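K.L.:
I'd like to ask you about the structure that follows.
The values are calculated or read from the model by the stated rules, or taken from the named source; none is laboratory data. These numbers come from a predicted model, not from an experiment. Reconstructed Cβ throughout: ideal geometry from the backbone, glycine too, with neighbour counts over all protein chains shown.
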């Protein structure tokens with residue numbers, strides 16, 4: 001027996017939201033590079049965080065555009081969420097050494113990863129409309 005999908009009063013998440021989320025992530029990454037300079041990207045950990053953020057933003061934006069290849073849009077959005085979760089985890093772990101902060105960072109990344117994997121599977125728990 002399958003559990004029923006719970007829908008928000010507005011009808012669930014809309015696909016257009018992914019575009020704005022992706023643009024926000026890209027703007028944040030661009031703003032951080034503009035603020036701290038391109039020289040910081042020579043450090044490996046900062047470069048990995050930057051590339052994960054850019055991949056997340058691009059995947060979220062590409063999920064709202066009709067593409068010529070045979071990849072469903074929700075798979076791109078789910079992968080964008082997973083990249084965002086890893087980006088957020090690395091950023092939060094680098095910001096503080098306290099055990100409670102590390103716990104919050106890991107739990108936060110797990111929740112966002114769960115959402116991303118569910119969206120990539122087709123939205124069993126999170127109903128995403130076109």
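Let's see how each residue does on (1) farther than 18 Å from residue 15 by Cβ; (2) surrounded by fewer than 18 Cβ atoms within 10 Å (Cβ to Cβ); (3) touching a residue at least 12 places away in the same chain (Cβ under 8 Å):
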{"residue": "52", "(1), (2), (3)": "yes, no, yes"}
{"residue": "86", "(1), (2), (3)": "yes, no, yes"}
{"residue": "106", "(1), (2), (3)": "yes, yes, yes"}
{"residue": "121", "(1), (2), (3)": "no, yes, yes"}
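K.L.:
Let me ask something else. Tell me which of these residue 78 doesn't satisfy, since it passes every other one: (1) modelled with pLDDT of 85 or more; (2) more than 18 Å from residue 123 (Cα to Cα).
P.N.:
(2)
K.L.:
If the requirement is being surrounded by 13 or more Cβ atoms within 10 Å (Cβ to Cβ) and farther than 17 Å from residue 20 by Cα, which of these qualifies: 42, 91? Can you show your working first?
P.N.:
Numbers: 42 fails: surrounded by 13 or more Cβ atoms within 10 Å (Cβ to Cβ).
Checking each option against the conditions leaves just 91.
K.L.:
Out of all the residues in the range 58-79, is one or more in contact with a strand residue (DSSP E or B) (Cβ under 8 Å, 6 or more places away or on another chain) and touching a residue at least 60 places away in the same chain (Cβ under 8 Å)? Spell out the reasoning first.
P.N.:
Taking the range 58-79 and keeping what is in contact with a strand residue (DSSP E or B) (Cβ under 8 Å, 6 or more places away or on another chain), we get 74, 77.
So of that shortlist, the ones also touching a residue at least 60 places away in the same chain (Cβ under 8 Å) come out as 77.
The answer is yes; a qualifying residue exists.
K.L.:
Further, regarding this structure: Looking at the range 1-26, I want the residues that are within 21 Å of residue 124 (Cβ to Cβ) and have a partner that is loosely packed, with under 11 Cβ neighbours inside 10 Å and modelled with pLDDT under 60 with Cβ atoms under 7 Å, at least 6 apart or on another chain. Which pairs are those?
P.N.:
Close Cβ pairs satisfying both conditions: 15/130.
K.L.:
Looking at (1) surrounded by fewer than 17 Cβ atoms within 10 Å (Cβ to Cβ); (2) without any contact (Cβ under 8 Å) to a residue 60 or more places away in the chain; (3) outside any helix (DSSP H, G or I), which is the one condition that is false for residue 101?
P.N.:
If we test residue 101 against (1) surrounded by fewer than 17 Cβ atoms within 10 Å (Cβ to Cβ); (2) without any contact (Cβ under 8 Å) to a residue 60 or more places away in the chain; (3) outside any helix (DSSP H, G or I), just (3) comes out false.
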